[in-house]
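Just below is one structure, and these are the notes that go with it.
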Amino acid sequence: MRSMGRRRVMLAGSAVAAAGLLLTACSSGTSTPSDSGSSGSSSASVAAGCEAYADYMGHDGTTVTIFASILSPESDSLEASWAEFSKCTGITIQYEGSNEFESQLPVRVQGGQAPDLAMIPQPGLVARMAPNAVPAPQAVADNVDKYWAAGWKDYATVDGKFYGAPLSANAKSMVWYSPKMFADKGYTVPETWDDMMKLSDTIANNGDGVKPWCGGIGSGTATGWPATDWLEEIVMRSAGPDVYDQWVSHDVKFDSPEIKDAMGILEKWMKNPDYVNGGHGDVASIATTTFQDAGLPILQGQCYMLQQASFYAAQWPEGTKVGPDGDVWAFFLPVMNDKFGKPVEGGGEFDVAFSDRPEVQAVQTYLSTPEWATSRIKQASGWVSANNGVDPSVYSAPIDKFSAEMLTNPDATFKFDASDLMPSAVGSGAEWTQFTNWFAGSTSTDDMLKAIDAAWPTS
């Protein structure tokens with residue numbers, strides 16, 4: 001999972017916007033395949049247990065390819081989420097996940113090897129791919145109009161054309177930790193940023209040699225993206241939502257005082273040799289540690305905390321108990337200034353097609369329904385949907401309920417991941433590269449920020 005790119009229309013950063021993600025109970029029933037308007041034709045004889053997929057029939061023996069950045073073990077539950085659909089319809093879905101997704105998708109598309117569907121986690125990349133993509137069928141557009149807040153459709157709309165339904169909605173403003181380690185030392189969950197820094201100092205000085213924080217930004221050709229989240233969280237808390245929006249549009253530059261101040265806070269936090277990188281090495285090891293492995297030292301008692309999104313739940317090894325009294329749990333990344341409310345950052349992916357074959361449209365339509373979202377939720381902990389046709393009772397994992405509560409908190413100020421809303425040359429280009437160099441120690445803060453500004457497209 002990544003952040004998200006360029007974005008044509010900003011989602012209001014208010015309680016109203018947070019409420020837009022509200023995972024309300026299904027009111028008058030979810031859509032049926034006929035409601036979804038699948039391009040398939042109903043089969044005269046539908047196998048027992050496959051009645052729900054009747055309107056997706058008529059494509060037996062076909063294959064649809066899907067390309068995304070989601071890797072195992074998270075991709076295992078993703079593939080399981082459409083297994084029944086595939087079996088019933090006869091459409092073989094070939095999934096491929098890659099750590100090089102962001103760089104490889106444009107290469108494949110330009111080389112005539114585009115996947116049928118791509119799960120794109122950056123609106124900026126959606127915009128970049130739009131000239132080669134196929135606008136979503138009307139059935140998908142109808143589902144998005146019915147089941148999502150209006151702002152979500154805007155993320156995948158380019159020059160007036162809508163390209164794909166939202167898939168997940170993730171909450172990024174959380175800190176993973178070990179409840180047992182906290183209890184053993186008498187530590188309590190911090191309620192403010194200052195409290196969190198004081199706790200970090202206490203841990204760093206307690207004499208047990210365990211660092212307060214661990215982290216990693218490695219992610220193949222997408223290396224660097226977790227660091228953009230760290231900066232975004234700080235900008236929301238230190239400069240406020242208005243500056244955040246102006247930063248996304250480049251009215252506030254990276255080299256501005258507000259962003260420089262935020263970088264100073266980040267340096268004292270995740271580049272502090274007294275704080276990081278527990279279980280992995282020194283500060284520079286953050287640049288080479290994969291985000292998937294970043295939090296694992298918590299389970300070995302080698303670090304206390306990891307700042308990472310709700311989807312990190314899929315990275316804990318099988319058998320790890322995730323909950324308030326479990327092996328790991330999470331708390332809300334604390335506020336810095338009460339006047340900016342309770343900032344919540346989130347992201348998601350969008351299902352974009354590069355073929356208009358009927359079987360591709362059938363799969364794309366199914367992925368826009370509450371039925372698929374419900375199947376996905378049942379298969380995976382750490383996965384949350386903004387599809388309001390999903391019954392909240394479906395969420396059984398404590399972390400998913402916590403994420404949903406965070407995303408729907410009426411007192412929260414929700415903002416979509418800034419780097420995902422910026423042009424891809426910046427948000428999934430220069431930022432990733434410059435942050436990697438910064439953590440590796442090969443560039444200064446000033447040079448880094450100037451280089452990112454220089455990458456901003458002139459038109």
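The values are calculated or read from the model by the stated rules, or taken from the named source; none is laboratory data. Because the structure is a prediction, the values reported are computed rather than measured. Quick reminder, even Gly has a Cβ in these numbers, built from the backbone with ideal geometry, and neighbours come from all protein chains shown. For the accessible areas, the whole protein counts, side chains as well, though only heavy atoms, and no ligand, DNA or RNA atoms are used. Shrake-Rupley method; radii C 1.70, N 1.55, O 1.52, S 1.80 Å.
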Using r as the Cβ-Cβ distance of VAL46 and GLN110, and R0 as 41 Å, what FRET efficiency do you calculate, to the nearest 0.05? 0.50
HN-Hα J in Hz across segment 334-343 - Karplus 6.51, -1.76, 1.60, θ = phi - 60°, x for Gly and Pro: x, 7, 10, 9, 4, 5, 9, x, 10, x
Cut-off 13 Å, label 7 Å out along Cα→Cβ of GLN302, residues of segment 216-252 by amide N: 216
Provide the FRET efficiency to the nearest 0.05 for the ASP411-ASP255 pair, computing r from the beta carbons and using R0 = 45 Å. 0.85
Greater than 19 Å apart at Cα, pairs in LYS185/LYS211; LYS87/LYS401; LYS185/LYS271: LYS87/LYS401; LYS185/LYS271
Take each of the peptides 128-141, 344-357, average the number of other beta-carbon atoms within 10 Å over its residues, and list them starting from the highest. 344-357, 128-141
In nm, spacing of pseudo-spin labels at SER72 and ASP325 (7 Å Cα→C-beta vector): 3.5
As an exercise, use a Förster radius of 25 Å and the Cβ-Cβ distance of LYS180 and SER396 to find the FRET efficiency, rounded to the nearest 0.05. 0.65
For segment 311-459: rounded, prolate or oblate by the Cα gyration tensor [a/c cutoff 1.5]: oblate
Taking a probe of 1.4 Å and leaving out DNA, RNA and ligands, segment 385-430 shows per residue an accessible area in Å² of 27
The chain, relative contact order in percent, only Cα pairs under 8 angstrom and at least six apart counted: 31
Taking the mean number of other Cβ atoms within 10 Å as a proxy for protection, how do you rank 324-331, 108-115, 249-256 from highest to lowest? 324-331, 249-256, 108-115
Pop out the carbon and sulfur fraction of the accessible area of the chain as a percent, whole number, probe 1.4 Å. 48
Please turn the phi angles of segment 172-184 into ³J(HN,Hα) values with the Karplus equation 6.51 cos²θ - 1.76 cosθ + 1.60 (θ = phi - 60°), one per residue in order, whole Hz, x for glycine and proline. 9, 8, 9, 10, 8, 7, 9, x, 5, 4, 4, 5, 4
At 7 Å along Cα-to-Cβ for each site, give me the label-to-label distance between TRP456 and VAL189 in nm. 3.7
Please give the per residue accessible area of segment 262-366, computed with a probe of 1.4 Å over protein heavy atoms only, in Å². 33
Residues with amide H under 5 Å of VAL252's amide H, sequence separation 5 or more or different chain, H placed in the peptide plane at 1.01 Å from N; which? TRP247
